[in-house]
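Remarks on the structure that follows.
The values are calculated or read from the model by the stated rules, or taken from the named source; none is laboratory data. Note that the coordinates shown come from a computational prediction; the quantities given were computed from them, not determined experimentally. Positions of Cβ are backbone-derived with ideal geometry, glycine not excepted, and every protein chain shown enters the neighbour counts.
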Amino acid sequence: MSRSPEVTLADVDQAMADRLLQLAKRDASPDEVAPPLGGPGWNLERTAWFYGYHSAAAAGLDGPAAEKSWAVFRGPEIAGSVRLKRTPGTGIPSAETGIWLGRSFRSQGIGGAALDLVLAEARRAGLLRITARTLAGNLGAQRLLTSAGAALTHDDDGTVLAVVEL
Ligand SMILES: CC(C)(COP(=O)(O)OP(=O)(O)OC[C@H]1O[C@@H](n2cnc3c(N)ncnc32)[C@H](O)[C@@H]1OP(=O)(O)O)[C@@H](O)C(=O)NCCC(=O)NCCS
């Protein structure tokens, strides 16, 4: 699949978090974007988690949360979000990543381009290994990660661990 040349990453401040939540509400499942808190839909708990998460991640990989999030743009349009979080204790500088796109932005190469950009950010930060965990049934995510060079391991709990050595 050809990579979209227009994909960029932007830092997430309060105004950008508002835009991401609007996108998530109109164009994604809440479970693709946030943990299953407080029952279905964008209830108060899930919404509070969303803003708290992006606010903590604004301090970046070297901040207290050791995490950074970005908004993914296709040209001028906000398309989704991608993140990195340091994973200590593995012996080499590592982080986990996660990504979600609005439904209307999927299967157009945007996820692949955004992952390439976040891997470049990881290299700039001196990281040597990136991991991601997804459900065994999420073939789109597994294909995306394999295309970025990940080795996949299927675990007994129905999840798949993807590891990219940078
Ligand atoms: C997973 C996700 C980020 C993929 O992004 P995307 O922009 O749709 O992916 P791309 O178009 O860049 O495709 C990347 C690769 O996956 C393949 N792919 C995409 N969607 C697929 C699907 N539903 N089933 C199988 N393969 C799929 C593409 O063919 C492409 O393969 P290639 O590089 O060999 O050509 C997106 O579908 C999404 O946001 N899903 C919901 C949230 C989620 O599951 N996040 C992942 C959690 S780890």
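So which pairs qualify, if the first residue must be in segment 9-38 and more than 16 Å from Leu101 (Cβ to Cβ), the second must be in a helix (DSSP H, G or I) and among the charged types (D, E, K, R), the Cβ gap must be under 9 Å, and the two must be at least 6 apart or on different chains?
From segment 9-38, the pairs are Pro35/Arg46; Pro36/Arg46; Leu37/Glu45; Leu37/Arg46; Gly38/Glu45; Gly38/Arg46.
Exactly one condition in (1) assigned to a loop (DSSP other than H, G, I, E, B); (2) more than 10 Å from the ligand (Cβ to nearest atom) is false for Leu161; which is it?
The one condition Leu161 does not meet is (1).
Here's a check for you: in segment 118-162, which residue that is surrounded by 13 or more Cβ atoms within 10 Å (Cβ to Cβ) and in contact with a Pro (Cβ under 6 Å, 6 or more places away or on another chain) is nearest to Leu84 (Cα to Cα)?
Leu127
Regarding Arg86, is this residue at pLDDT 95 or above and touching a Pro at 6+ places or on another chain (Cβ under 9 Å)?
Numbers: at pLDDT 95 or above: yes; touching a Pro at 6+ places or on another chain (Cβ under 9 Å): yes.
Judged against the criteria, Arg86 is a match.
Here are some residues: Gly98, Gly112. Which one is in contact (Cβ under 8 Å) with a residue 40 or more places away in the chain, surrounded by 16 or more Cβ atoms within 10 Å (Cβ to Cβ) and under 15 Å from the mean Cα position of the chain (by Cα)?
On the way: Gly98 fails: in contact (Cβ under 8 Å) with a residue 40 or more places away in the chain.
Testing whether each residue is in contact (Cβ under 8 Å) with a residue 40 or more places away in the chain, surrounded by 16 or more Cβ atoms within 10 Å (Cβ to Cβ) and under 15 Å from the mean Cα position of the chain (by Cα) leaves just Gly112.
Given the residues Ser107, Ser69, which is the only one that is farther than 18 Å from Val164 by Cα, touching a strand residue (DSSP E or B) at 6+ places or on another chain (Cβ under 6 Å), of a type in the set (Ser, Thr, Tyr) and touching a residue at least 12 places away in the same chain (Cβ under 8 Å)?
Working: Ser107 fails: touching a strand residue (DSSP E or B) at 6+ places or on another chain (Cβ under 6 Å).
Residue meeting the stated conditions: Ser69.
Pull up segment 89-103, narrow it to residues that are over 28 Å from Ser29 (Cβ atoms) and part of a loop (DSSP other than H, G, I, E, B), then point me to the one that is modelled with the lowest pLDDT.
First, pick out the residues of segment 89-103 that are over 28 Å from Ser29 (Cβ atoms): 89-94.
This time we only want the ones that are part of a loop (DSSP other than H, G, I, E, B), so: 89-93.
Details: Gly89: 88, Thr90: 83, Gly91: 91, Ile92: 95, Pro93: 97.
The selected residue is Thr90.
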